[in-house]
Amino acid sequence: MKGLRDIALLFQRYTLQMLRNPVWLFVGFSTPVLYLALFTPLLKNLSHAPGFPSGSVIEVFLPGILSLLAFASGSSMGFSTIFELQSGVIERFRVTPASRFAILIGPILSGLTMMMVFDAVVVAIAVGFGFRVHFVGLLVLALLLALLATLMAAFSTATALLTKDISSFAAIINGINLPILLLAGVLLPISLGPLWMRVLAHFNPLYYLVQASRSLASGSLATAAVWQAFAVLVPMCALVLWWATRVFRKAVA
Amino acid sequence: MTLGDQGFDTGFDTGFDTGAIISTRDLRKSFTTKGGEVEAVRGVSIDVARGEIFGFLGPNGAGKTTTLRMLTTLLPIGGGTATVAGVDVARRPQEVRKRIGYVSQLGGADDLATGRENLILQGRLYGGERSTVTRRAELLMEILDLTEFADRRVRTYSGGQRRRLDVALGIVHEPEVLFLDEPSTGLDPQNRANLWEHVRNLRSHGTTIFLTTHYLEEADALCDRIMIMDHGRIVVEGTPRELKQQVEGDSVILSLHEVDGALERATTALGLEPHVRKMTSDGFDLRLYVEDGSVALPALLRTLDAVEVAIRSVSLSEPTLDDVFLARTGRSLRDAGAGRQEVRA
Ligand SMILES: Nc1ncnc2c1ncn2[C@@H]1O[C@H](COP(=O)(O)OP(=O)(O)OP(=O)(O)O)[C@@H](O)[C@H]1O
Ligand SMILES: [Mg+2]
């Protein structure tokens, strides 16, 4: 249970740190709100295009925004890792007997918690735009969002530990993010794209989340998209966590 | 339950044969970089006795930090063996971590937290209870003169205040062995003296201290035993007194009257003197290394007289640790290492 204690200690530390950074809080809240406010009007006209999923614009778009938030909040984790690496904080933690998994997961869980708070705010705002809440669906969605965010955060942290400097880290993360985002149908449904795109999308974890999120937000739980998302994200998440812990255990020269 | 409880080989034997609390044999580490392979540590064998203050001296890039990082489990050992507090570092890093404290060259305090919060978290990560750790933090801040800033964010600390906090973070859990990587860098003389005082105090309570430094005075004044390292190898090891006794010869310090051309005339003439092995200058102060000061001095004074250079003062000095390094490597610790990096393709 020492592991749990370490996780709690580090979770506390990162959460306090985030709450003390007003700029970060402001950006965290304003980004999704901006998406909603600026994209939804544009999409109104698109919703009549062939191939656009049924349902109101907000119903199609909001799950996408939540997925995007999870993806972005996860993959940006590494930036703070780089910072903490350079300031020596990580090295200081690595010399203590704290569990390596705790050093990895503490900040990730803290980021997840913040993300859930933002998500709740976004959903509340969306209700004002006419979004209908299916409670159980949203709870299951929260689980999937957490899985993807953890997966990306662990990947991002490990990449940061391996690259060690901000420029190569940023280059790698951006290089990976762009195709993932384009091939996920976050902003526009992938079903509007050509066949090759739809095939490629099936290798993309974010794609599964986006598909499942649309189904869950509309209240349908027992769809193929939902179980496929779990089937893809659970093992991937476990694998990446295992790898990232290994990276922590080994040299961070 | 640890491995040891189950009767596995604990590695608790190796270090105790020699009575050493830190013991390495042929320790090595090389890094692969774009320019080729850098051999940072090339076969270091050390034995540090329990309760000793052991100093690690060497120019930039000598391999001090790399050695420390291996001993503190931060870097995998490249070759050879190491035991710390009786525990094999490569095999049981987690056990080593419980027994040591480490203050890195970089520090590593959390900028956004206060000094007190930093100390409490650190103590708790070592398994301490909140109440115990809080009291301990209070005490340490008092000893290291940090109480005034305890509840300020570390971001607002001065360099010296921050360094003292770093040291406090390294000892909050009362480790058996404390590793300090350049602890006094950035401290003013007053605080440096305080730190020395505190380090001696830790030793008198049984802590073994392994520190690196660039300050010769520090090594001389503080350490029971020192090791000088260069290019990843041990150049020489012993007590400061022993080392200085090994350097035969003295140095003569001549302060010239500050007259145009005097310095040039003096260096040219003295350079031809057979007694002078090496000469360095600092403004109008010349330091000459000679075999035997009492024999050389009259000759040197006659030479200066002949080229009409007047002197303000003359002094003879015993060898310093810098002279030790100079005698062994042909370079001075003060200018060795600058911009140098050894790369083997
Ligand atoms: N992670 C690394 N990757 C590549 N080379 C490294 C790495 N760490 C250290 N080195 C190289 O190893 C050598 C020894 O470095 P080290 O940091 O141990 O020196 P040091 O004695 O602590 O110097 P200083 O007094 O400047 O702190 C240097 O040449 C350095 O460039
Ligand atoms: Mg160093």
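The values are calculated or read from the model by the stated rules, or taken from the named source; none is laboratory data. Being a predicted model, the structure only gives us computed values, none of them experimental. Glycine gets a Cβ as well: all are built from the backbone with ideal geometry, and neighbour counts include every protein chain shown. Protein only, heavy atoms only, side chains kept; ligands, DNA and RNA dropped before computing areas. Shrake-Rupley method; radii C 1.70, N 1.55, O 1.52, S 1.80 Å.
Among the listed pairs A:K2/A:K250; B:K98/B:K244; A:K2/B:K34; B:K34/B:K244; A:K2/B:K64; A:K250/B:K34, give every one whose C-alpha distance is greater than 29 Å. Write out the running numbers ahead of the final one.
Details: A:K2/A:K250 21 Å; B:K98/B:K244 37 Å; A:K2/B:K34 41 Å; B:K34/B:K244 40 Å; A:K2/B:K64 33 Å; A:K250/B:K34 21 Å.
The pairs that break the limit, which is 29 Å between Cα atoms, are B:K98/B:K244; A:K2/B:K34; B:K34/B:K244; A:K2/B:K64.
How large a share of the accessible area of chain B, in percent, is made up of carbon and sulfur atoms when the probe is 1.4 Å and the other protein chains stay in place?
Working: 7610 of 15660 Å².
Carbon with sulfur: 49 percent of the solvent-accessible area.
Counting only other chains, and only Cβ atoms inside 10 Å, what mean value do you get across the residues of A:82-95?
Numbers: counts 0, 1, 3, 1, 1, 6, 9, 8, 1, 9, 14, 5, 7, 16.
Across the residues of A:82-95, the mean count of other-chain Cβ atoms within 10 Å is 6.
How well do other chains shield peptide B:124-131, expressed as the mean number of their Cβ atoms within 10 Å of each residue Cβ? Write down the numbers at each step before the final one.
Details: counts 8, 14, 3, 6, 0, 0, 0, 0.
Across the residues of B:124-131, the mean count of other-chain Cβ atoms within 10 Å is 4.
Which residue fluctuates most in the GNM of chain B (Cα springs below 10 Å): B:T24, B:T212, B:T132?
Of B:T24, B:T212, B:T132, the Gaussian network model singles out B:T132 as fluctuating most.
How many partner chain Cβ atoms sit within 10 Å of a residue's Cβ in peptide B:165-174, on average, as a whole number?
That average works out to 1.
With chain A treated as a Gaussian network of Cα nodes joined by springs under 10 Å, which of A:L148, A:L38, A:L66 yields the largest mean-square fluctuation?
A:L38
Heads up, I need the accessible area for A:K2: 1.4 angstrom probe, whole protein in place, Å², nearest 10.
For A:K2, solvent-accessible area is about 90 Å².
Just to be sure I understand: with springs between alpha-carbon atoms less than 10 Å apart, which residue in A:G106, A:G88, A:G78 has the highest mean-square fluctuation in the Gaussian network model of chain A?
Of the options given, A:G88 has the highest mean-square fluctuation.
Sequence neighbours fewer than 8 away in the same chain don't count; with that in mind, list the aspartates and glutamates whose C-alpha is under 17 Å from B:K278.
B:E248, B:D250, B:E264, B:E291, B:D292, B:E318, B:D322, B:D323, B:D335
Helix A:22-46 sits at what angle to the longest principal axis of chain A, using alpha carbons and giving 0 to 90 degrees rounded to 10?
With rounding to tens, the tilt is 20 degrees.
Might you report the magnitude of the Cβ-based charge dipole of segment B:134-217 about its Cα centre, with Lys and Arg at +1 and Asp and Glu at -1, to the nearest 20 debye? Write out the running numbers ahead of the final one.
Values: 11 positive and 13 negative charges, 39 e Å.
Dipole magnitude for segment B:134-217 comes out near 180 debye.
With just the Cα atoms defining each centre, how far is segment B:174-239 from segment A:208-253? Give it in Å.
Answer, in whole Å: 50.
Please label the shape of segment A:100-234 as rounded, prolate or oblate, based on the square roots a ≥ b ≥ c of the eigenvalues of the alpha-carbon gyration tensor (a/c under 1.5 means rounded; beyond that, a/b larger than b/c means prolate, else oblate).
Working: a/c = 1.85, a/b = 1.27, b/c = 1.46.
Oblate, because a/c is 1.5 or more while a/b does not exceed b/c.
Two decimals is fine: what is log10 I(q)/I(0) at q = 0.09, 0.10, 0.17 Å⁻¹ for segment A:2-251, from a Debye sum with one equal scatterer on every Cα and no solvent?
Per q value, in the given order, log10 I(q)/I(0) is -0.40, -0.49, -1.32.
How much accessible area per residue does the protein assembly as shown have, counting only protein heavy atoms and a probe of 1.4 Å, in square angstrom? Don't jump to the answer; show the numbers that get you there.
Details: 26840 Å² over 598 residues.
I get 45 Å² per residue for this part.
Above 29 Å lies some portion of the pair distances; for chain B, what is it as a whole percent of all C-alpha pairs? Each step should come with its number before you reach the end.
Working: 29532 of 59340 pairs.
For chain B, the fraction of Cα-Cα distances above 29 Å is 50 percent.
Mind checking the alpha-carbon convex hull of segment B:245-344 and giving the volume per residue in Å³? Don't jump to the answer; show the numbers that get you there.
Numbers: hull volume 11.9 nm³, N = 100.
Cα convex hull per residue, to the nearest whole number: 119 Å³.
Highest mean first, what order results for B:182-194, B:57-69 on Cβ atoms within 10 Å? Write out the running numbers ahead of the final one.
Details: B:182-194: 17.2, B:57-69: 23.6.
Highest to lowest by the protection proxy: B:57-69, B:182-194.
For segment B:197-303, what number results from the quotient of the Cα radius of gyration and 2.2 N^0.38 Å?
Working: Rg = 18.9 Å, N = 107, 2.2 N^0.38 = 13.0 Å.
In units of the 2.2 N^0.38 Å rule of thumb, it is 1.45.
Between A:V210, A:G78, A:V186, whose Cα lies farthest towards the positive end of the dipole of chain A when Lys and Arg beta carbons carry +1 and Asp and Glu beta carbons carry -1, centred on the Cα centre?
Result: A:G78.
Using Cα atoms only, what is the angle between the long axis of helix A:77-86 and the major principal axis of chain A, expressed in degrees (0 to 90) to the nearest 10?
Long axis of A:77-86 versus the principal axis of chain A: about 20 degrees.
Of the DSSP beta bridges with both residues in chain B, give the percent that are antiparallel, rounding to the nearest 5. All intermediate terms of the calculation are to be shown ahead of the outcome.
Working: 44 of 62 bridges.
Bridges in chain B that DSSP calls antiparallel: roughly 70 percent.
Once you order the gyration tensor axes a ≥ b ≥ c over the Cα atoms, which shape class does segment B:72-124 get: rounded for a/c under 1.5, otherwise prolate or oblate by comparing a/b with b/c?
On the way: a/c = 3.67, a/b = 2.13, b/c = 1.72.
Prolate is the answer for segment B:72-124, as a/c is 1.5 or above and a/b outweighs b/c.
Chains A and B: how much accessible area gets covered up at their contact, both sides added, probe 1.4 Å, in Å² to the nearest hundred?
Numbers: alone 12460 and 16900 Å², together 26840 Å².
That pair hides around 2500 Å² of surface in total.
Quick one: how many Å² of B:E37 are accessible to a 1.4 Å probe, rounded to 10?
About 70 Å², ignoring ligands and nucleic acids.
May I ask for the Rg/Rh ratio of the protein assembly as shown, computed from Cα atoms with Rh as the Kirkwood radius, given to two decimals?
Details: Rg = 31.3 Å, Rh = 28.1 Å.
The Rg/Rh ratio comes out at 1.11.
For chain A, take the longest principal axis of its alpha carbons; what is the angle in degrees between that and the long axis of helix A:205-217, to the nearest 10 within 0 to 90?
50 degrees
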